[in-house]
Amino acid sequence: MEAEKSFNYAMQLVNSSVLSMAMHSAIELGIFDIMGKAGVDAKLSAKDIVAQLPCKNSEAVTMLDRILRLLASHSIIDCTVVDDQQGPPPHLQRLYGMNTVSKYFACIDAAGSLGPLMVLTQDKAILQSWYQGKDAILEGGIPFNRVHGKHLFEYSYSNSSFNQLFMAAMTNRATLIMKKIVESYKGFENTKRLVDVGGGLGVTLNIITSKYPHIKGINFDLPHVIEHASPYPGVEHVGGDMFESVPEGDAILMMCVLHDWSDEWCLKVLKNCYGAIPKDGKVIVVDGVLPFEPKTTGEVKSISQFDVLMMTTNPGGKERSEEEFMALAKGGPMSSKQKAISLIMACVTQLRSNITKSKSSQVNHARHHNPHPTLTSQRSLN
């Protein structure tokens, strides 16, 4: 029995890309949106769904049903089998509905969706990078750079269609994560001026200031990102470069920023953050946290996948363990006093500034080569 189970799992791994690409097709077709708009308890056949698509293919119902059956077998959607005396033998029909997983891939309200992030990670510009994995390990270099001659941020800046995918993915992902965080994390309550470093289009700060209207939000990102940001009450958009300086505030937020960069570059950013906050200020880091020993939980699997994705696409990017975050705090101008809160795929880490500025000399060596002048945003994939 155990041997058969192992064999089946091995066979599943052989075709593991099938699931992600089937999901990609479903997202591009808007299948989850159609199912979501039908209602929580709605049960739709493949024929019902195809009727809402601009199909010219007579085989569309059969093809879509096969994809939906695959998704149901992975518990991504629900499936109910009902009698269908009008249909072909065995006179049964599969009806599909949304569940707690598929809701994260529907774009039907302002709650955010993981659909755009999946479309981004399955884009051919990124998929091509995986074919350079072996050579990158043996010879060095970043797989994405080996394919495109530039790193992901530069590529996005020069490719408008990819940039649109990128910003849509970041905005939706930020919405999902921050709405979860503000439900439980109380660290914003006494904050008066909050700077979101790498804040993209300002969605994250809008969520925070909507819950805490007393906060003055400073959304900080590269100028070409800020110029596309929408106005939000209580939020000021400021353009700049986090590797040069950051705006002052009594708290600084960095969500899914540090995982894009090597330790040296992270220390450079942390130094600038330290210089922008008072002695009792804090830096709030939201990133995935990996245990040293691999675990088989869904959370660890997800963060581990993002870690290898960072290795494949980003200059020195990686997901870090709690110990590695501690090392960053000790190696830079921050104290090692940290508070970690596990929350969905993220951790909230407060780095309190209570040591002397003279210690910041430890990170003066950090900037040796600048790979960031054309960043799409100072926040990225995870």
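Filter region 1-23 for residues that are touching a residue at least 24 places away in the same chain (Cβ under 8 Å) and surrounded by fewer than 17 Cβ atoms within 10 Å (Cβ to Cβ); which is farthest from THR62 (Cα to Cα)? Among those residues, the one meeting the criterion is SER20.
When region 168-203 is filtered for residues that are closer than 23 Å to ILE226 by Cβ, assigned to a helix (DSSP H, G or I) and not aliphatic (A, V, I, L, M), the ones remaining, listed by number, are THR171, ASN172, ARG173, THR175, LYS179.
The C-beta contact set for region 228-246 (first residue within 7 Å of GLY202 (Cβ to Cβ) and in contact (Cβ under 8 Å) with a residue 12 or more places away in the chain, second residue hydroxyl-bearing (Ser, Thr, Tyr) and not in a loop (DSSP other than H, G, I, E, B), distance under 8 angstrom, 6+ apart or interchain) comprises TYR232/THR209; VAL235/THR209.
Taking the condition surrounded by 13 or more Cβ atoms within 10 Å (Cβ to Cβ), among the charged types (D, E, K, R) and at pLDDT below 95, does ASP84 pass? Yes.
Restricted to region 219-309, the set of strands (runs of 3 or more DSSP E) holding at least 3 residues that are modelled with pLDDT under 95 and among the β-branched types (Val, Ile, Thr) comprises 282-287. Against the condition over 26 Å from SER113 (Cβ atoms) and in a loop (DSSP other than H, G, I, E, B), how does ASN8 come out, does it pass? For ASN8, the condition - over 26 Å from SER113 (Cβ atoms) and in a loop (DSSP other than H, G, I, E, B) - is not met. Within region 304-318, residues that are not assigned by the TED database to the domain that holds ARG146 reach no partner that is assigned to a helix (DSSP H, G or I) and surrounded by fewer than 18 Cβ atoms within 10 Å (Cβ to Cβ) with beta carbons closer than 7 Å at six or more positions or on different chains. Being more than 27 Å from the chain's Cα centre (by Cα), in a helix (DSSP H, G or I) and within 14 Å of ALA106 (Cβ to Cβ) is a property that holds for ILE49.
Under the condition of being of a type outside the set (Ser, Thr, Tyr) and buried (at least 21 other Cβ atoms within 10 Å of the Cβ), the residues counted in region 152-164 number 2. Pairs linking a residue in region 147-163 that is in the same structural domain as HIS259 (by the TED database) to a residue that is at pLDDT below 95 and surrounded by fewer than 21 Cβ atoms within 10 Å (Cβ to Cβ), with Cβ atoms under 6 Å and 6 or more positions apart or on different chains, are HIS151/PRO315; HIS151/PRO371; GLU154/THR374; SER156/ASN163; TYR157/THR374.
In region 121-141, the qualifying residues are those that are out of contact with any Pro (no Cβ under 6 Å at 6 or more places or on another chain) and of a type in the set (A, V, I, L, M, F, W, C), and the one that is nearest to ASP260 (Cα to Cα) is ILE126. Residue count for region 100-111, restricted to those that are surrounded by 20 or more Cβ atoms within 10 Å (Cβ to Cβ), part of a helix (DSSP H, G or I) and not hydroxyl-bearing (Ser, Thr, Tyr): 1. Considering region 51-69, and only residues there that are farther than 16 Å from ALA22 by Cα and surrounded by 12 or more Cβ atoms within 10 Å (Cβ to Cβ), the residue that is modelled with the lowest pLDDT turns out to be CYS55. Residues in region 112-142 that are assigned to a loop (DSSP other than H, G, I, E, B) and either over 25 Å from SER75 (Cα atoms) or out of contact with any helix residue (DSSP H, G or I) (no Cβ under 7 Å at 6 or more places or on another chain) (or both): TYR131, GLN132, GLY140, GLY141, ILE142. Evaluate the following for ILE142: is it touching a residue at least 40 places away in the same chain (Cβ under 8 Å) and more than 24 Å from THR204 (Cβ to Cβ)? So ILE142 passes the test.
Condition check for SER335 on (1) part of a loop (DSSP other than H, G, I, E, B); (2) modelled with pLDDT under 90; (3) buried (at least 19 other Cβ atoms within 10 Å of the Cβ); (4) among the small types (Gly, Ala, Ser): one failure, at (3).
So for region 226-235 (the condition being surrounded by fewer than 24 Cβ atoms within 10 Å (Cβ to Cβ) and of a type in the set (Val, Ile, Thr)), does at least one residue qualify? Within region 226-235, one or more residues are surrounded by fewer than 24 Cβ atoms within 10 Å (Cβ to Cβ) and of a type in the set (Val, Ile, Thr).
Of the candidates ALA136, ALA169, the single residue that is more than 14 Å from MET311 (Cα to Cα) and either among the hydroxyl-bearing types (Ser, Thr, Tyr) or modelled with pLDDT of 95 or more (or both) is ALA169. Taking (1) surrounded by fewer than 16 Cβ atoms within 10 Å (Cβ to Cβ); (2) out of contact with any strand residue (DSSP E or B) (no Cβ under 8 Å at 6 or more places or on another chain) in turn, CYS266 satisfies each apart from (1).
Can you tell me how many residues within region 70-81 are exposed (fewer than 12 other Cβ atoms within 10 Å of the Cβ) and either more than 23 Å from VAL40 (Cβ to Cβ) or not hydroxyl-bearing (Ser, Thr, Tyr) (or both)? Of the residues in that region, 1 qualify.
The values are calculated or read from the model by the stated rules, or taken from the named source; none is laboratory data. In this text, all values refer to a predicted model and were calculated from it rather than measured experimentally. Positions of Cβ are backbone-derived with ideal geometry, glycine not excepted, and every protein chain shown enters the neighbour counts.
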